[in-house]
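Colleague: My structure is below; once you've seen it, I'll send some questions.
The values are calculated or read from the model by the stated rules, or taken from the named source; none is laboratory data. Model, not experiment: these values are computed from the prediction. Here Cβ is always computed from backbone atoms with ideal geometry, including for glycine, and neighbour counts include all displayed protein chains. These area figures cover heavy atoms from the full protein model, side chains too; ligands, DNA and RNA do not enter into them. Shrake-Rupley method; radii C 1.70, N 1.55, O 1.52, S 1.80 Å.
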Amino acid sequence: MLRDCVVIAVEGTHASGKTTLTHALAAYYREQSIHVATVEEPARHSPFIEEIVVHGKGQFDLETEVDLFAAQLSAQLRAARQHPMIICDKTIANVLAYAWIVLETPPRSRAAVTLDAMNTFCRAWAGTYDAVFYCCDRFSQHQQGDPYRAKVLDLQSAADRVVRSTCASVGQNVIDIPPGMTTAERVRWIAARLAKLGITARPTAVGPAS
């Protein structure tokens with residue numbers, strides 16, 4: 001929890017339905033009069049990623065991954081300032097996991113030392129998330145006109161393993177969502193699980209009608 005804000009995250013590899021589910025969950029809680037915000041994946045708004053993926057300049061490097069890590073963290077902090085509930089499209093452990101995949105990290109190298117420091121921070125930060133739900137399904141990665149996803153088409157299986165192992169290594173508990181459900185079924189399942197865990201956000205006060 002960040003101050004008085006409930007923090008929920010949706011985890012998983014790319015093309016597992018995280019973003020769709022994040023927005024569907026937010027819509028569900030807004031219908032319950034909860035003032036909720038979504039925290040989007042920072043990669044799609046990163047000038048570093050745009051340069052690499054859209055313009056084909058350079059490659060994934062340490063500066064890119066540190067920027068994504070900081071952006072994910074900053075977005076969560078800022079959204080939590082004015083909302084009693086936020087729903088995050090991945091945790092910072094996910095950002096770290098992909099960094100481990102795309103970077104070369106020889107022992108004692110700058111990259112290895114930096115990712116070790118990020119790992120330590122993730123361990124300290126893990127308790128901030130009130131609940132983390134893991135998407136076990138994998139949908140088609142081939143989406144026409146999506147250069148961001150096309151860049152990581154071959155990483156899905158590896159990413160699933162590394163995301164899970166990274167979450168485990170930093171003490172980030174995840175709750176697997178049963179596979180094969182529709183988005184609406186996922187939302188109802190998560191809402192019921194949160195209610196059972198006693199994780200709730202305060203409804204937004206509604207003023208008197210004028």
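Colleague: With every protein chain present, what is the per residue accessible area of the range 3-137 (1.4 Å probe, Å²)?
Modeller: On the way: 6010 Å² over 135 residues.
With all protein chains present, the range 3-137 gives 45 Å² per residue.
Colleague: To the nearest 20 debye, what is the magnitude of the charge dipole of the range 1-142 about its Cα centre, counting +1 on the Cβ of each Lys and Arg and -1 on the Cβ of each Asp and Glu?
Modeller: 200
Colleague: Sticking with this one: For the range 183-190, in order, what is each residue's ³J(HN,Hα) by Karplus, 6.51 cos²θ - 1.76 cosθ + 1.60 with θ = phi - 60°, in whole Hz (x at glycine and Pro)?
Modeller: For the range 183-190, the Karplus curve yields 4, 4, 5, 4, 4, 5, 5, 5 Hz.
Colleague: Karplus couplings for the range 61-73 from phi (6.51 cos²θ - 1.76 cosθ + 1.60, θ = phi - 60°), rounded to Hz, Gly and Pro as x?
Modeller: So the J values, rounded to whole Hz, are 9, 4, 4, 4, 5, 5, 4, 5, 4, 5, 5, 4, 5.
Colleague: Through the Karplus equation 6.51 cos²θ - 1.76 cosθ + 1.60, θ set to phi - 60°, convert the phi angles of the range 12-25 into ³J(HN,Hα) values in whole Hz; use x for Gly and Pro.
Modeller: Using θ = phi - 60°, the values come out as x, 6, 5, 6, 10, x, 4, 5, 4, 5, 4, 6, 5, 4 Hz.
Colleague: Out of the total accessible area of the range 1-49 (probe 1.4 Å, heavy atoms of protein only), what percent is carbon and sulfur?
Modeller: For the range 1-49, the apolar C and S fraction of the accessible surface comes to 50 percent.
Colleague: Right, another one. Considering only 25, 73, 197, give the residue with the highest GNM mean-square fluctuation for the chain, with springs between Cα atoms whenever their separation is below 10 Å.
Modeller: Comparing 25, 73, 197 in the GNM, the peak value goes to 197.
Colleague: Follow-up. Report the label-to-label distance for residue 32 and residue 119 in nanometres (one decimal), using points 7 Å from each Cα along the Cα→Cβ vector.
Modeller: If labels sit at residue 32 and residue 119, their model points lie 3.6 nm apart.
Colleague: Right, something else. Once fully extended, how much extra length lies between residue 61 and residue 183, figured as 0.36 nm per residue of separation less the alpha-carbon to alpha-carbon distance?
Modeller: 40.5 nm
Colleague: Sticking with this one: Which length gain, in nm to one decimal place, applies between residue 192 and residue 74 when the Cα-Cα distance is subtracted from 0.36 nm times their residue separation? Walk me through the intermediate numbers first.
Modeller: Working: separation 118, 0.36 × 118 = 42.48 nm, distance 2.91 nm.
In short, 39.6 nm is gained.
Colleague: What ranking do 170-182, 74-86 get when scored by the average of other Cβ atoms within 10 Å per residue, highest first?
Modeller: 74-86, 170-182
Colleague: Moving on. Grab the DSSP H runs of the chain that are 4 residues or longer, score each as -39,500 (n - 2.57), total them, divide by all residues and round the 222 nm result to the nearest 500 deg cm²/dmol.
Modeller: Computed ellipticity for the chain at 222 nm equals -14500 deg cm²/dmol.
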